1. Can you tell me which residues in segment 101-128 are outside any helix (DSSP H, G or I), surrounded by 14 or more Cβ atoms within 10 Å (Cβ to Cβ) and out of contact with any Leu (no Cβ under 8 Å at 6 or more places or on another chain)?
2. Would you be able to tell me the number of residues in segment 129-143 that are at negative phi and part of a loop (DSSP other than H, G, I, E, B)?
3. Looking only at segment 66-79, decide whether some residue is at pLDDT 95 or above, more than 16 Å from ligand 2 (Cβ to nearest atom) and surrounded by 21 or more Cβ atoms within 10 Å (Cβ to Cβ).
4. Pairs only if they're at least six apart or on different chains, beta carbon under 9 angstrom, first in segment 163-178 and within 16 Å of ligand 1 (Cβ to nearest atom), second in a loop (DSSP other than H, G, I, E, B) and of a type in the set (V, I, T); list them, first residue then second.
5. Against the conditions (1) more than 15 Å from ligand 2 (Cβ to nearest atom); (2) of a type outside the set (S, T, N, Q); (3) touching a residue at least 24 places away in the same chain (Cβ under 8 Å), where does K187 fall short? Just the number, please.
6. Would you point out the residue of segment 190-216, among those that are closer than 21 Å to P2 by Cα and part of a loop (DSSP other than H, G, I, E, B), that is nearest to ligand 2 (Cβ to nearest atom)?
7. Please determine, by comparing only the residues of segment 1-21 that are in a strand (DSSP E or B) and either surrounded by fewer than 14 Cβ atoms within 10 Å (Cβ to Cβ) or at pLDDT below 95 (or both), which one is nearest to the chain's Cα centre (by Cα).
8. With the structure loaded, tell me whether S205 is of a type outside the set (F, W, Y), surrounded by fewer than 20 Cβ atoms within 10 Å (Cβ to Cβ) and either more than 30 Å from G116 (Cα to Cα) or in contact with an Asp or Glu (Cβ under 7 Å, 6 or more places away or on another chain) (or both) or whether it fails that test.
Amino acid sequence: MPVLEVQNVAKSYRLPGQKAIPVLEDVSLSVGLGEHVAIVGRSGAGKTTLLNILGGLDRPTSGDVLVEGVSLFKGSFAAYRRNRIRAAKIGFVFQSFHLMPELDIVENVLLPAMTGAVKLPAPRSRAKELLAKVGLGDRLMHLPGELSGGEQQRVALARALMCNPRIVFADEPTGNLDKLTGAEIMKLLFEVSDTPFALVMVTHSQEAAALCDRVLTLDHGRLSRKEKSS
Ligand SMILES: Nc1ncnc2c1ncn2[C@@H]1O[C@H](COP(=O)(O)OP(=O)(O)OP(=O)(O)O)[C@@H](O)[C@H]1O
Ligand SMILES: [Mg+2]
């Protein structure tokens, strides 16, 4: 069974008094555990919209998303199910890190474990261990604002992996970083987790896309396979 199954997702935005603007027309996709997929496409193509729907942060106009065979949007208690699945099985990494500025980095990494959706035996030690793995073992007391962009993204990576997610969604994770720092983040993304996960990553970086098993282009609201140039 694929860990992520996207079935004919469509999304249009309707602003009050205006015609609906279609962003996603018909998106279907199946991703297995351990598989890494990159999504590329021009600005405004709908990549962030798609990722937000796949992660249960936004709703499709039609279609559905299944995580390990369980629907995020259909049936009774879908909103409840969606929250549980998001907390227990999904990790997110964003272009602009999205750390909580008033919490130190250990507390930031601990956050996903605070929902109670996943029981970890020793969450604080795990958070510290993950931070050590991403090279921040000597910065545990720091606030995000005291770290560089690349360091903040490492914290975000540790946070995304805290609960051993089945799926990681990354929206331009190297978009705010220089080439070298971006490459370091990609390396950590593939190496730090002790359990396999499906990765769906939106990126404008050819280098980052080339590290994935599949590269798909989002254009006119549909995904198509992009052949690797090398
Ligand atoms: N909440 C919203 N209400 C109305 N329109 C929206 C909303 N969110 C996004 N859009 C529109 O949907 C389209 C797709 O936006 P989206 O952010 O998904 O693009 P993107 O591919 O991620 O672009 P970028 O590469 O610049 O990040 C854009 O035309 C945008 O203006
Ligand atoms: Mg975007």
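The values are calculated or read from the model by the stated rules, or taken from the named source; none is laboratory data. What you see is a predicted model; the values in this text were computed from it and never measured. Neighbour counts are summed over all protein chains in view; Cβ atoms, including those assigned to glycine, are modelled from backbone coordinates with ideal geometry.
1. Filtering segment 101-128 down to residues outside any helix (DSSP H, G or I) leaves 101-104, 116-122.
This time we only want the ones that are surrounded by 14 or more Cβ atoms within 10 Å (Cβ to Cβ), so: 103-104, 117-118, 120.
Within segment 101-128, A117, V118, L120 qualify.
2. Narrowing segment 129-143 to residues at negative phi: 129-134, 136-143.
Adding the requirement that they be part of a loop (DSSP other than H, G, I, E, B) leaves 134, 136-143.
Of the residues in that region, 9 qualify.
3. Checked against the condition, which is being at pLDDT 95 or above, more than 16 Å from ligand 2 (Cβ to nearest atom) and surrounded by 21 or more Cβ atoms within 10 Å (Cβ to Cβ), segment 66-79 yields at least one hit.
4. Matching pairs, first to second residue: A170/T203; D171/T203; E172/T203; P173/T203; T174/T203; G175/T203.
5. With (1) more than 15 Å from ligand 2 (Cβ to nearest atom); (2) of a type outside the set (S, T, N, Q); (3) touching a residue at least 24 places away in the same chain (Cβ under 8 Å) applied to K187, the lone miss is (3).
6. Checking each candidate, the answer is C212.
7. To start, the set of residues in segment 1-21 that are in a strand (DSSP E or B) comprises 4-13, 21.
Imposing the further condition that a residue be either surrounded by fewer than 14 Cβ atoms within 10 Å (Cβ to Cβ) or at pLDDT below 95 (or both) reduces the set to 8, 13, 21.
Numbers: N8: 20, Y13: 22, I21: 25 Å.
Applying the filter and picking the extreme gives N8.
8. Numbers: of a type outside the set (F, W, Y): yes; surrounded by fewer than 20 Cβ atoms within 10 Å (Cβ to Cβ): no; either more than 30 Å from G116 (Cα to Cα) or in contact with an Asp or Glu (Cβ under 7 Å, 6 or more places away or on another chain) (or both): yes.
Against the criterion (of a type outside the set (F, W, Y), surrounded by fewer than 20 Cβ atoms within 10 Å (Cβ to Cβ) and either more than 30 Å from G116 (Cα to Cα) or in contact with an Asp or Glu (Cβ under 7 Å, 6 or more places away or on another chain) (or both)), S205 does not qualify.
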